[in-house]
Amino acid sequence: MTLGEGKEKVYKLLDEHSSGGEVAHDADIEMKMADFFDIAQKKCAQVERLTGVMTLRRKPGRTEFPMPDGFDGLVAVWRDGETTNRYRWKNGKLVVPESDTAEIQVEYFKTPATINGNTQDSEEFEVSEFAAQLLPFYVCAQNLFPDLMIDYRPYLLEWEKGLQELERRQAERGGGIRFVNTFYRRS
């Protein structure tokens, strides 16, 4: 789903149409929508973790590699196609010995790019289609929250039920949060 399609869904859910069926763009709603979509997409990405892969571009003498924009945690470091823990971290950078010439890939969790007033309507949401379908409900609830005449809670309830379903789907795929007990681990 694109940002423009998400906005159209918000206008339809809020019944912001003129009697002729055309969308009546409320300037107040339009002004806040990008920020609300940004918040909602980032909340979905906390449940349905997005991953990226960065291949290190080795240059002579270079041993520290900063992580890319949107880096939100390490998944694994791959060396010649196998996972490894032989490298260390220093100030948010991966440190690779200069003598190591293997191909190194860093698999990481990433945060979606920020949606703001400059984001084009043709921009695709980075979350799955299921998660993208939830975003308009969050945006509607946030737009109606200060309105004393229209109840925002039905939209918020749909958003919360959808997030619970997203969590359930992640857990089924094995993407749920896992804890490792290291207290009793041998060195």
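The values are calculated or read from the model by the stated rules, or taken from the named source; none is laboratory data. Only a predicted model underlies this, so the values are computations on that prediction, with no experimental measurement involved. Quick reminder, even Gly has a Cβ in these numbers, built from the backbone with ideal geometry, and neighbours come from all protein chains shown.
Within region 67-82, the set of residues being of a type outside the set (Asp, Glu), closer than 27 Å to residue 127 by Cβ and part of a strand (DSSP E or B) comprises 71, 73, 74, 75, 76, 77, 78. Residue pairs whose Cβ atoms lie under 8 Å apart, separated by 6 or more positions or on different chains, with the first residue in region 36-53 and of a type in the set (S, T, N, Q) and the second assigned to a strand (DSSP E or B), are 51/75; 51/107; 51/108; 51/109; 51/110.
Going by the conditions given, is residue 30 out of contact with any Phe, Trp or Tyr (no Cβ under 9 Å at 6 or more places or on another chain), modelled with pLDDT of 90 or more and surrounded by 12 or more Cβ atoms within 10 Å (Cβ to Cβ)? Considered against the rule, which asks whether it is out of contact with any Phe, Trp or Tyr (no Cβ under 9 Å at 6 or more places or on another chain), modelled with pLDDT of 90 or more and surrounded by 12 or more Cβ atoms within 10 Å (Cβ to Cβ), residue 30 comes out as no.
Results for (1) outside the structural domain of residue 134 (by TED's automatic domain parsing); (2) under 20 Å from residue 110 (Cα atoms); (3) not aromatic (Phe, Trp, Tyr), shown as yes or no for each residue.
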| position | (1), (2), (3) |
| --- | --- |
| 13 | no, no, yes |
| 30 | no, no, yes |
| 41 | no, yes, yes |
| 61 | yes, no, yes |
| 69 | yes, yes, yes |
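Here residue 10 meets the list (1) modelled with pLDDT of 90 or more; (2) touching a strand residue (DSSP E or B) at 6+ places or on another chain (Cβ under 6 Å); (3) surrounded by 11 or more Cβ atoms within 10 Å (Cβ to Cβ) almost entirely, failing just condition (2).
Listed by position, the strands (runs of 3 or more DSSP E) contained in region 83-176 that have at least 3 residues being charged (D, E, K, R) and in contact with a His (Cβ under 7 Å, 6 or more places away or on another chain) form an empty set.
On the given criteria, is residue 55 among the β-branched types (Val, Ile, Thr), within 23 Å of residue 173 (Cα to Cα) and surrounded by fewer than 17 Cβ atoms within 10 Å (Cβ to Cβ)? No.
Taking into account only those residues within region 140-175 that are surrounded by fewer than 13 Cβ atoms within 10 Å (Cβ to Cβ) and within 22 Å of residue 75 (Cα to Cα), which is modelled with the highest pLDDT? Step by step, filter region 140-175, then rank; the result is 168.
Yes or no, residue by residue, for (1) at pLDDT below 85; (2) at positive phi:
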position: 19; (1), (2): yes, no
position: 23; (1), (2): yes, no
position: 26; (1), (2): yes, no
position: 42; (1), (2): no, no
position: 53; (1), (2): no, no
position: 56; (1), (2): no, no
position: 83; (1), (2): no, no
position: 92; (1), (2): yes, yes
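Restricting region 35-52 to residues that are among the acidic types (Asp, Glu) and out of contact with any Phe, Trp or Tyr (no Cβ under 9 Å at 6 or more places or on another chain), the residue that is surrounded by the most Cβ atoms within 10 Å (Cβ to Cβ) is 38.
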